[in-house]
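Chemist: Quick one: structure below, then a few questions.
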Amino acid sequence: MEEPLKFFDNLRETGEMIKFQHTVFALPFAMIALVSAPAEGWPPLRVWLLVLLAMVAARTAAMAFNRLIDHKVDALNPRTADRSLPGGRLSRGFVGAITIVASAIFVLAAALLNSLCLLLALPTLVVLLGYSLAKRFTAAAHLWLGAALGIAPIGAWIAASGRLDPTPVVLGFSVMVWVAGFDIIYSLQDEAFDRSAGLHSIPVALGSVRALATARIFHSLSLVGFSAFAIMSGGGPLRWSAVIAAAAMLGWQHTLVAPDDLSRVNAAFFTANGILAVVMGVLFITARALGGG
């Protein structure tokens with residue numbers, strides 16, 4: 001009886017380790033790309049399910065690998081010292097196995113979608129897993145994380161259409177700078193620790209005031225990109241409403257944090273950005289369902 005209980009405890013702890021709820025950041029944009037790609041009617045159920053499987057597997061692999069690479073760093077940082085690995089609730093062997101299995105499932109899902117998805121699967125894994133090393137040598141790690149999430153809509157577009165077009169690249173770029181902006185805000189919590197540990201970030205390189213200014217620039221660029229994608233995918237009141245909602249959420253996000261007040265950083269990180277992604281997803285998909293929007 002003890003072994004099955006341990007297995008389910010590990011699964012629960014794994015869900016907490018990979019922060020499954022944060023899938024909300026990339027998944028709506030993958031769904032937007034899936035329904036916006038040129039195709040006859042809606043993508044078949046098989047494509048929806050394989051894209052969902054690929055996304056969950058890719059994110060699981062990336063987060064598990066990140067926790068492996070950052071095991072010692074997390075143990076030293078008071079904010080992260082109680083995470084699954086430094087807290088001793090999961091073993092490195094188990095997390096390593098999760099990384100390998102999730103990576104294999106991602107490649108399999110890509111292979112079942114189409115040949116171009118399979119061709120790009122391994123380079124995609126390099127980007128996803130490589131992010132975990134980025135903060136050791138570049139302050140541009142925020143953009144690397146953004147690129148990792150920005151791949152999602154590009155991959156979904158390829159899954160639906162079998163080809164790469166400029167339209168999903170615009171959406172991927174928008175997601176990249178949006179994520180980079182809110183990751184800068186989130187990383188303000190670790191500015192002092194990262195500096196003492198020799199880790200790189202925009203707050204470490206520029207200080208908190210200029211880091212927040214950089215985040216605002218990135219978020220302004222994301223709105224330009226979302227607007228361009230709205231035009232390229234057909235325009236209409238619903239798509240423009242999605243862009244306006246994104247602008248409102250980004251504006252609100254920047255009222256929640258200040259260089260000397262990070263007490264509401266979690267609301268700025270998860271609540272504002274989660275709402276942004278879900279609202280945009282619902283409005284863009286509804287626009288497609290109504291045949292224009």
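Bear in mind these aren't lab numbers, they're just calculated from the coordinates by the rules spelled out. Just so it is clear, the model here is predicted, and its values are computed rather than measured. With ideal geometry, Cβ positions are generated from the backbone for all residues, glycine too; neighbour counts draw on all protein chains shown.
Chemist: Provide the descending list of Cα extents for the range 29-115 along its principal axes, expressed in whole angstroms.
Modeler: 53, 23, 18
Chemist: Further question: Give the value in nm², to one decimal: projected area of the alpha carbon convex hull of the chain, averaged over all directions. Spell out each step's value before the answer.
Modeler: Working: hull surface 61.0 nm².
Result: 15.2 nm².
Chemist: What are the membrane-span-like helices in the chain by this rule: whole DSSP H runs, Cα extent along the axis at least 20 Å, mean Kyte-Doolittle hydropathy at least -0.5? Before the final figure, lay out the partial values.
Modeler: Details: long enough: 2-17 (22 Å, -1.06); 45-69 (36 Å, 1.55); 92-113 (32 Å, 2.14); 115-134 (29 Å, 2.16); 141-161 (31 Å, 1.38); 166-187 (31 Å, 1.41); 208-232 (36 Å, 1.26); 237-255 (27 Å, 0.56); 272-289 (25 Å, 1.76).
Passing helices, by number: 45-69, 92-113, 115-134, 141-161, 166-187, 208-232, 237-255, 272-289.
Chemist: Between R195 and W252, 0.36 nm times their residue separation minus their Cα-Cα distance comes to what? Before the final figure, lay out the partial values.
Modeler: Details: separation 57, 0.36 × 57 = 20.52 nm, distance 2.85 nm.
Here the segment from R195 to W252 would lengthen by 17.7 nm.
Chemist: Taking Cα pairs under 8 Å and at least six residues apart, what relative contact order does the range 2-289 come out at, in percent? The partial results should precede the final answer.
Modeler: Details: 406 pairs, mean separation 59.0, N = 288.
It rounds to 21 percent for the range 2-289.
Chemist: In square nanometres, what is the average projected area of the Cα convex hull of the range 109-244? Write out the running numbers ahead of the final one.
Modeler: Values: hull surface 35.9 nm².
Value for the range 109-244: 9.0 nm².
Chemist: Which of G87, G150, G235 moves the most in a Gaussian network model of the chain with Cα springs under 10 Å?
Modeler: With Cα springs under 10 Å in the chain, the top fluctuation among G87, G150, G235 is at G87.
Chemist: As an exercise, identify the chymotrypsin sites (Phe, Trp or Tyr not before Pro) in the range 130-236 lying in DSSP coil whose Cβ has no more than 13 other Cβ atoms within 10 Å.
Modeler: Details: sites: Y131, F137, W144, W157, F173, W178, F182, Y186, F193, F218, F226, F229; in loops: F137.
In loop regions of the range 130-236 (DSSP not H, G, I, E or B), the sparsely surrounded chymotrypsin sites (Phe, Trp or Tyr not before Pro) are F137.
Chemist: When the chain is modelled as a GNM with alpha-carbon springs shorter than 10 Å, which of A110, A148, A258 fluctuates the most?
Modeler: A258
Chemist: Counting each DSSP H run of 4 or more residues in the chain as -39500 (n - 2.57), what helix-only mean residue ellipticity at 222 nm follows after dividing by all residues, to the nearest 500 deg cm²/dmol?
Modeler: That calculation yields -24500 deg cm²/dmol at 222 nm.
Chemist: Describe numerically, in nm with one decimal, the distance between label points set 7 Å from Cα along Cα→Cβ at A205 and at K72.
Modeler: In this crude spin-label approximation the distance works out to 2.5 nm.
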